[in-house]
Amino acid sequence: MAGYLLPVLLDKDITTEKQSEELIDLFTENMQSGSLNVMNGKGSTMFVGTENETVLTVNHRENKVQGIIYISEGHGIDHLEAVSPTEFIVGTGKHVLLIRTVASEHEGYRILWKKEVTIAPYARINAVAVHPTGRIVLAISDDNRFKAFNMLSGQEIGTLKFPSEPTHMAFSKSGDFFAITFKDQINTYSTETFEIVKSIPAKSTPRRVIFAEDFQLVVGHQDGSVFIHDLITPENLIQLDMHTTRIKELCNLEINYMEHLIGIISGDGHISVIRMNGDAVIIEAEHQVDARVQSISLNPVTKLSSRIKSQKRYYDKQIALLESGELEEEPLNEKRKRDEKDIPEDVKEMEPPKKKKKKKKA
């Protein structure tokens, strides 16, 4: 299994108090940043938004703050999504901005586009989400509005008005779907049509949502419970009761084909990491922090091996052929007998090399 780093943001001013070394040692320089609100990364770059409109760019592998960006929009940075190691989306006040870090610019950044999401005078953005391919940006606000934008141009490509306030949202792994949480339900939408694909009632107010696979939703609730919903088979429902206070953040790291690490934090400083493999859930780690935890991110220490990637490509191709009817599903015993000549070499089960027997001298 691939290893992982666990960067965590604590609700502290880093100019007055050092972060806990066992949790985070990224912010070692004396910088005026205020409270650290949100963290999101791409590759080895982590963007950290703060309450006084500052975004820190951090290399989390080298534990080094690379730069400080001051965004003067009149609001703190509460919502942030990384698009690439040099670009990120910010939700601040009523606006969504696409920002690129540019070392040669005087301010250190360039606003590529800026769009207004809310209409009500005092409304604010609740969450932003970026499509896995980086082509679409979604934003929801506390005046019950939803807007979708083209990433390149900033042009509005869709809008919705909800009967109740949307609180959080996330794209699926493929980007074909996105989920939005409301006070008493979680809705899954088609990215192509913006129409509801599935609606799930919630027993407690859902606060955070992420996708593990396209058919698996992980939802954190106000009462601390975490539900894993199977969108194909509704009865396959898993409930986790490790936390007792509001779930503040969820994050996902794919470590193998159909295998994920899910990071969870709650309002009382309880941090847990679970491993999901299909319907199986294993608790990997649990931590308790005295300070209030603001954000969490799981980052791979090692990349997926070429063998795993090749295996994933092979099985994805087989599934596509089955769905199109070009390949008939074989009985299990026939699969075992099937000639392996068409399977890539790195997909086959790797057997230890056989030891050659030494011939005894006469």
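The values are calculated or read from the model by the stated rules, or taken from the named source; none is laboratory data. On a predicted model such as this, the values are computed, not experimentally measured, just so you know. Here Cβ is always computed from backbone atoms with ideal geometry, including for glycine, and neighbour counts include all displayed protein chains. Protein only, heavy atoms only, side chains kept; ligands, DNA and RNA dropped before computing areas. Shrake-Rupley method; radii C 1.70, N 1.55, O 1.52, S 1.80 Å.
Things worth noting here:
- Qualifying GluC sites (Glu not before Pro) for segment 190-237 [loop in DSSP, other Cβ within 10 Å: at most 13]: Glu192, Glu195, Glu235
- Tail fraction, Cα-Cα pairs, segment 217-287, threshold 22 Å, whole percent: 16
- Sum of side-chain charges, Ala120 neighbourhood, beta-carbon under 15 Å (Lys, Arg +1; Asp, Glu -1): +1
- By average C-beta atoms within 10 angstrom, highest first, the peptides 109-116, 204-211: 204-211, 109-116
- Nearest-0.05 FRET efficiency for Asp268 and Tyr70, computed from C-beta distance (R0 30 Å): 0.35
- Reciprocal of mean inverse Cα separation for segment 61-135 (Kirkwood radius, Å): 13.5
- Label zone at Val289, where the point sits 7 Å out along the Cα-to-Cβ direction: segment 243-269 residues whose backbone N lies under 15 Å: 247-251, 263-269
- In this calculation the C-beta distance from Asn52 to Phe194 is compared with R0 = 45 Å, giving a FRET efficiency of 0.80.
- Binned Cα-Cα distance frequencies in segment 59-187 - 10 Å width, integer %: 12, 42, 33, 12, 1
- Computed packing ranks the peptides 148-161, 249-262 as 249-262, 148-161, most packed first, by mean other Cβ atoms within 10 Å.
- Distance between modelled label sites at Ile119 and Asn150, nm, 7 Å Cα→Cβ extension: 2.3
- Solvent-accessible area assigned to carbon and sulfur over segment 191-288 amounts to 47 percent, based on a 1.4 Å probe.
- Debye intensity ratio in log₁₀ form over the Cα atoms of segment 101-255, taken at each q of 0.10, 0.11, 0.19, 0.21 Å⁻¹: -0.39, -0.46, -1.20, -1.38
- Note on Leu112/Glu165: beta-carbon distance plugged into 1/(1 + (r/R0)^6) with R0 of 41 Å gives a FRET efficiency of 0.90.
- Annotation for Thr86 and Asp214: the two label points, set 7 Å from Cα along the Cα-Cβ direction, are 3.2 nm apart.
- Label-point separation in nm, Ser204 to Asn236, each point 7 Å along Cα→Cβ: 2.5
- Over segment 177-257, relative contact order from alpha-carbon pairs under 8 Å, at least 6 apart, %: 21
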